[in-house]
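*Asks:* There's a structure below that I have some questions on.
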Ligand SMILES: C[S@@+](CC[C@H](N)C(=O)[O-])C[C@H]1O[C@@H](n2cnc3c(N)ncnc32)[C@H](O)[C@@H]1O
């Protein structure tokens, strides 16, 4: 492959968080069809000359600040050894910064026009796999399993090739990563023409954990309209995916990150987020840093995903999530009323008291540990009631 010319961003990255910078400056591959230079005006005129209108329906607000994009990659701690899933590469602006780390990137883009441009622009980049499709229609579990398998294969190559010449190592890695995974790990996103992935595969087909030295990360400037749905699908992937770093609406970022019960914006998603992850608010992204300028500011949030063994222990994850949703369906009402007819008011009061919570508590008064204790108490009580009937 012909070597891509590289250029440097001309400023030192500004610190946006307490996170130590991995590199003092970034080298960004000089690919990406609208980034000479990366400004709002250049983005606007490139889109115009390509006769492309940003689509509101796809949440197309492109980040026009290279410094912010570089800072996102730094905050996500993307390393050459990582495997990264990017949702919505759009113009390839963030993708370029991800690729500059030499991580392997799989990017899923729904837009028919932009995907063609991306394919053309990045056709010589071996560590990028582009998938055309709606990320919410893909089998995300299978996609993650495929990426974990690629990470494990690459990790194995690392150890095998550690004594080899650097050039030989690079060739081996590229060959291995371009080969399809073993049949039990194969699925559709490798086929770029497909917008769906077979749902018959599961994450159980991922490589054994001890081989998984490389992390699978998700980094994305998400279209705002799929934030909740995407988080609901990805948060439970802890153990396979290590971290999500996503740009979301500022207001939503605070709602998800702040764990304090009782706030007016405390919602079921706040609790669910803290059950599955440790979320950290990284930095504000002013709306003027996007083109077209959206109605609200954005923020970068990283969600460090907890593997099942590190989550608060509950006697049934599905039931626990359903209970949270049910209790929050009327979050200002007392739980002893909202949880009917699943549980009687007396059962709920007893479970709350046993968990050290007031019997007239509302869903918005409980943190994740208290919710888990209440759920476990209710489950235990139900089991006891069933066995009493059977005797
Ligand atoms: C906010 S833009 C981000 C673009 C670019 N990555 C950036 O940082 O500026 C969102 C991108 O996601 C794409 N997109 C929207 N819905 C999608 C979906 N369901 N699946 C995959 N991509 C989607 C849009 O076409 C757009 O390119």
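The values are calculated or read from the model by the stated rules, or taken from the named source; none is laboratory data. Just so you know, these numbers come straight off a predicted model, no measurement behind them. All Cβ positions, glycine included, derive from the backbone under ideal geometry; neighbour counts span all protein chains shown.
*Asks:* Condition test on residue 126, is it within 8 Å of the ligand (Cβ to nearest atom) and assigned to a loop (DSSP other than H, G, I, E, B)? Can you show your working first?
*Replies:* Numbers: within 8 Å of the ligand (Cβ to nearest atom): no; assigned to a loop (DSSP other than H, G, I, E, B): yes.
Spelling it out, it is not the case that residue 126 is within 8 Å of the ligand (Cβ to nearest atom) and assigned to a loop (DSSP other than H, G, I, E, B).
*Asks:* Specify the residue that is farthest from residue 138 (Cα to Cα); the eligible residues are those in the range 90-112 that are more than 9 Å from the ligand (Cβ to nearest atom) and part of a helix (DSSP H, G or I). First the steps, then the outcome.
*Replies:* Initially, the range 90-112 is screened for residues more than 9 Å from the ligand (Cβ to nearest atom), giving 96-106, 112.
Next cut, part of a helix (DSSP H, G or I) only: 96-100, 112.
On the way: 96: 24, 97: 25, 98: 22, 99: 23, 100: 27, 112: 16 Å.
Here the answer is 100.
*Asks:* Is it the case that the range 334-343 has a residue that's buried (at least 19 other Cβ atoms within 10 Å of the Cβ) and closer than 30 Å to residue 240 by Cα?
*Replies:* The answer is no; no qualifying residue exists.
*Asks:* May I pose another question? Write out, first by first residue and then by second, each pair whose Cβ atoms fall under 7 Å of each other, whose residues are 6+ apart or on separate chains, and whose first residue, in the range 102-123, is over 11 Å from residue 91 (Cα atoms) while the second is near the ligand (Cβ under 8 Å from one of its atoms) and assigned to a helix (DSSP H, G or I).
*Replies:* From the range 102-123, the pairs are 105/95; 107/95; 108/135; 110/58.
*Asks:* Would you pick out the residues in the range 77-89 that are assigned to a loop (DSSP other than H, G, I, E, B), touching a strand residue (DSSP E or B) at 6+ places or on another chain (Cβ under 7 Å) and either away from the ligand (no atom under 13 Å from the Cβ) or at pLDDT below 95 (or both)?
*Replies:* Looking only at the range 77-89, we keep the residues that are assigned to a loop (DSSP other than H, G, I, E, B), and these are 77-82, 88-89.
Of the ones still in play, those that are also touching a strand residue (DSSP E or B) at 6+ places or on another chain (Cβ under 7 Å) are 78, 82, 88-89.
Once the filter is applied, which keeps residues that are assigned to a loop (DSSP other than H, G, I, E, B), touching a strand residue (DSSP E or B) at 6+ places or on another chain (Cβ under 7 Å) and either away from the ligand (no atom under 13 Å from the Cβ) or at pLDDT below 95 (or both), the range 77-89 yields 78, 82.
*Asks:* Please work out if residue 244 is within 16 Å of the ligand (Cβ to nearest atom), under 10 Å from the mean Cα position of the chain (by Cα) and closer than 17 Å to residue 328 by Cβ. Lay out the reasoning, then the answer.
*Replies:* Values: within 16 Å of the ligand (Cβ to nearest atom): yes; under 10 Å from the mean Cα position of the chain (by Cα): yes; closer than 17 Å to residue 328 by Cβ: no.
It is false that residue 244 is within 16 Å of the ligand (Cβ to nearest atom), under 10 Å from the mean Cα position of the chain (by Cα) and closer than 17 Å to residue 328 by Cβ.
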